[in-house]
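Participant: Handing you this structure, nothing more for now.
The values are calculated or read from the model by the stated rules, or taken from the named source; none is laboratory data. Not measured: the values here are computed from a predicted model. For neighbour counting, all protein chains shown are included, and Cβ atoms are generated from backbone atoms with ideal geometry for every residue, glycine included. The accessibility values were calculated without ligands, DNA or RNA, using every heavy atom of the protein model including side chains. Shrake-Rupley method; radii C 1.70, N 1.55, O 1.52, S 1.80 Å.
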Amino acid sequence: MSSVQPCSTGDDDRRPPLNDLLAIARHGLGLKLKRLPSWLFYDERGSALFEQICEQPEYYLTRCEVALMDEHAASVADSLGSEVRLVEYGSGSGLKTRMLLREMHDPVSYVPVEISPAPLNESVRRLALEFPQLPLQPLCADFSKPLRLPIPPRAPRRTVLYFPGSTIGNFEARDAVDLLRKMRNEMGDAGGILIGVDLKKDVAQMEAAYNDRAGVTAEFTLNMLARLNREIGSDFDLSAFRHHARYNPMAGRIETHIVSSREQQVKIGSSKVGFRAEEVIQVEYSCKYSLEDFAALAEKAGLAVMRTWLDPQRMFSVQYLVRASAVAR
Ligand code: AVJ
């Protein structure tokens, strides 16, 4: 029996329709403070560029999280327990997932949830090779919206939502609380959330991670405009915009902007959007937390931190969250 389901057709496909991209661009660029949502980075090209970012010497996040899993995956798996249904928000390259699955005890199924079909299919293909016995149930969907999870092949003891990579950092504090609360509903009473959280550290080190010398992050950022040119026929001149990423110490986050190098007009659908020289489009936050900061955030979502693991350099954390009421009892 093939347990792999197609993800680009049928009603499992919850991606926004293409013409919504135009509406999203029009809306975001029509705001007084222009902004575009960071999930727009991840078309096929953007996902490939992100994989390249992860290999840059300055981008410590992935290396540290892999080192953490290298040291602690067995301990993490023990904390999750046996007969877990593992649901992953975003599918990435699947390396950390494979490290975890290798240590898990009799997992019931693996459900990667991913908005772009190419990386989803790729991660499923690789997992199927290494874990031929494990039912894979890919879901092509926007994980920030309520999910209809596929029916598991047998009753799991618990559902664990795996959210690695510090992707939670892309959400502003109150959106992060909303997302955690949504996840709390999805995992059920006995469930848990295994989440990667990047930690506050030396500012120069954090800023370097988002300004790699090879310029891969800059290309990743500007790919958002290239994508709009490709998909909605806008006419952004990529040489007239630049990447800018700085740490905002008050907000505790890296803020990434696309800066217009000159005054210019860009065609968006049938209308034009004007840019002043040095005007910015806000495209990404990458929030950084202390362990105390994140525990407080989790608490606002009705969750408690059961366990925290750190990489050897103590730069990155993986945390296991459960319902606050489950801990109180
Ligand atoms: C995948 C959201 C964790 O914010 O560090 C990397 C994305 N952006 N370089 C991050 C990203 C620029 C990344 N996350």
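Participant: Using all alpha carbons of the range 141-232, what is the percent of pairwise distances in each 5 Å bin, ordered from the shortest bin to the longest?
Facilitator: 3, 10, 14, 17, 15, 14, 12, 8, 5, 1
Participant: Skip the ligands, DNA and RNA, and give the accessible area per residue of the chain with a 1.4 Å probe, whole Å².
Facilitator: Roughly 45 Å² per residue, with all protein chains present.
Participant: Quick check: pseudo-label points 7 Å beyond the Cα along Cα→Cβ at ARG213 and VAL259, how many nm apart are they?
Facilitator: According to this spin-label approximation, the distance is 2.2 nm.
Participant: Report ³J(HN,Hα) in whole Hz for each residue of the range 42-58, in order, from the Karplus equation J = 6.51 cos²θ - 1.76 cosθ + 1.60 where θ = phi - 60°; Gly and Pro get x.
Facilitator: 9, 7, 4, 5, x, 5, 5, 5, 5, 4, 5, 4, 4, 9, 6, x, 6
Participant: I want to verify the translational diffusion coefficient of the range 174-329 in µm²/s; compute it with Stokes-Einstein, Rh as the Kirkwood radius over Cα pairs, at 25 °C and 0.890 mPa s.
Facilitator: It comes out at roughly 135 µm²/s.
Participant: Only residues of the range 136-162 count here: report those whose backbone N is under 16 Å from the spot 7 Å along Cα→Cβ of ALA190, or say none.
Facilitator: Within reach of a label on ALA190: 152-161.
Participant: For the full complex of protein chains and a 1.4 angstrom probe, list HIS105, HIS243, HIS27 by accessible area with the highest value first.
Facilitator: Descending accessible area places them as HIS27, HIS105, HIS243.
Participant: While we're on this one: Please arrange MET306, MET183 by accessible surface area, largest first, computed with a 1.4 Å probe and ligands excluded.
Facilitator: These residues rank, largest area first, as MET306, MET183.
Participant: Let me ask something else about it. Once the cut-off is 17 Å, how many percent of the Cα-Cα pairs in the range 97-192 end up in the long-distance tail?
Facilitator: 55
Participant: Would you work out which of VAL197, SER234, HIS244 lies farthest towards the positive end of the dipole of the range 181-271, given +1 charges on the beta-carbon of Lys and Arg and -1 on that of Asp and Glu, about the Cα centre?
Facilitator: Farthest towards the positive end: VAL197.
Participant: To two decimal places, what compactness ratio does the range 188-267 give when its Cα radius of gyration is scaled by 2.2 N^0.38 Å?
Facilitator: Dividing the Cα Rg of the range 188-267 by 2.2 N^0.38 Å gives 1.46.
Participant: How high is the relative contact order of the range 79-137? Use alpha-carbon pairs under 8 Å, at least six apart in sequence, and give a whole percent.
Facilitator: In percent, rounded to a whole number, it is 40.
Participant: Rounded to the nearest 500 deg cm²/dmol, what is the calculated helix-only ellipticity per residue at 222 nm for the chain, with -39500 (n - 2.57) per DSSP H run of length n ≥ 4?
Facilitator: Calculated from helices alone, the mean residue ellipticity at 222 nm is -11500 deg cm²/dmol.
Participant: Here's something else I'd like to know. Quick one: what are the phi-derived ³J(HN,Hα) couplings along the range 250-264, Karplus 6.51/-1.76/1.60 with θ = phi - 60°, whole Hz, x for glycine and proline?
Facilitator: Values, residue by residue: 5, 8, x, 8, 6, 10, 9, 10, 9, 9, 7, 6, 8, 5, 6 Hz.
Participant: Still on this model: For ARG125, what accessible surface area do you get with a 1.4 Å probe? Give it in Å², rounded to 10.
Facilitator: That residue has around 130 Å² of solvent-accessible surface.
Participant: Which three lengths, in whole Å and largest first, does the range 262-320 cover when its Cα atoms are put on their principal axes?
Facilitator: For the range 262-320, the Cα spread along each principal axis is 52, 30, 17 Å.
Participant: Further question on the same structure: Hey, what's the per residue convex hull volume over the C-alpha atoms of the chain, in cubic angstrom?
Facilitator: 131
Participant: Given a 1.4 angstrom probe, I'd like the percentage of the accessible area of the range 101-249 that is carbon and sulfur, rounded to a whole number. Before the final figure, lay out each step's value.
Facilitator: Details: 3160 of 6310 Å².
Carbon and sulfur atoms account for 50 percent of the accessible area of the range 101-249.
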